[in-house]
Amino acid sequence: MTRELYKWIATFGVLVAIAIVMPTQLSFVITATLFGVFAMSWSFFTSFSGYLNLGHVIFIGLAGYTSAALNYHLGWPMWLCMICGVIVGTGGGWLYLNPIHKRISGLSFEMVSFLSIIALSNLIVSSYARPLTGGDIGLSPIDGLFSELWLAVVLALFLCACGFGFAWYLRSDSGKVIDFAREDQSIVRQAGADPHKYTGRLLLLSGLVGAIGGVVYVHYSGAAVVSNTFALAFMIRIIVMAIIGGRFSLRGAILGAYLVVFLSMQLMQYVDAYVQFLVIYGIGFVIYFFAPKGLVGIIDALWVRVQRLARPSRKPQDDSAGA
């Protein structure tokens, strides 16, 4: 794990260096880092548990709306609202999704998690919830976070610390059980263990990190609306980031987040949002079709090829030498 630690320290150094050399683009750096949190936490559960969770935004949305509602309606301090938001988002999302993933799997789990975010996004804007959620307008103004260097550094540290923690967990004994469960749950059951117990922990850790990112994102945005919490497009964007970077790579999810946010900010100067989505989703489809391991897989393959080319070829020994 020492080598893995060094990799995450290097990743942290790169992210901080980007923030330092781009002081006028801190909005991009902070937004990309937050989406890195979302994409990495989603990939942590989905890629390694074998469950395609289309309801990851439930953690993000519950946390974000709870924090915003407490701040907007009750005037509580932002830090207290964020703590409460993380508790509600993590607990509420896990208590909802964990029993579902215990009972059903495969396409059924995907459909239920998908329909859940559709139902929640419609509930948020309904007339019944409008007094609490603000309906289509959302909750604004709320206490906000601003584009400052310290925030970019803290988020980068949080992202890399979570990444190392995820990597450590996947290499632990629990992670080995999860690997067996992903391939065949009957093997784990025959060993006397409950596979859902271990995947449930994975879901909890994934949701906790997503919820923390959710409260920060809402307060950084300055408002809680469906588009930055429960929206289907928001969930798809997170998935596309993980696919582009590499679904089975934690650092790949970060790379995908930075690339997608960068492309979005560049494209918005020339085309509308629908064309942006078309271009980004198209890139995600092409990469997944031709390189299922994402950009990280391509980079790894190129690195192996470079190493082979750089390695001096061994000439066959002359049998007659010394004769």
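What follows is calculated from the coordinates using simple rules that are stated; it is not laboratory data. The structure displayed is predicted, hence computed values, not measured ones. Cβ sites come from the backbone with ideal geometry, for glycine too, and all protein chains shown count toward neighbours.
For the reader, a short list of remarks on this structure follows.
- Qualifying residue in the range 236-258 (condition: without any contact (Cβ under 8 Å) to a residue 12 or more places away in the chain, of a type outside the set (Phe, Trp, Tyr) and assigned to a loop (DSSP other than H, G, I, E, B)): no
- Top-ranked residue of the range 226-238 - restricted to ones that are crowded, with 24+ Cβ neighbours inside 10 Å and in contact with a Phe, Trp or Tyr (Cβ under 7 Å, 6 or more places away or on another chain), ranked as farthest from residue 262 (Cα to Cα): 229
- Members of the range 284-295 that are buried (at least 17 other Cβ atoms within 10 Å of the Cβ) and under 19 Å from residue 262 (Cα atoms): 284, 287, 294, 295
- Candidates 121, 113, 127: the one that is part of a loop (DSSP other than H, G, I, E, B) and of a type in the set (S, T, N, Q) is 127.
- Residues that are crowded, with 18+ Cβ neighbours inside 10 Å and either of a type in the set (Val, Ile, Thr) or without any contact (Cβ under 8 Å) to a residue 40 or more places away in the chain (or both) within the range 154-179 comprise 177, 178, listed in sequence order.
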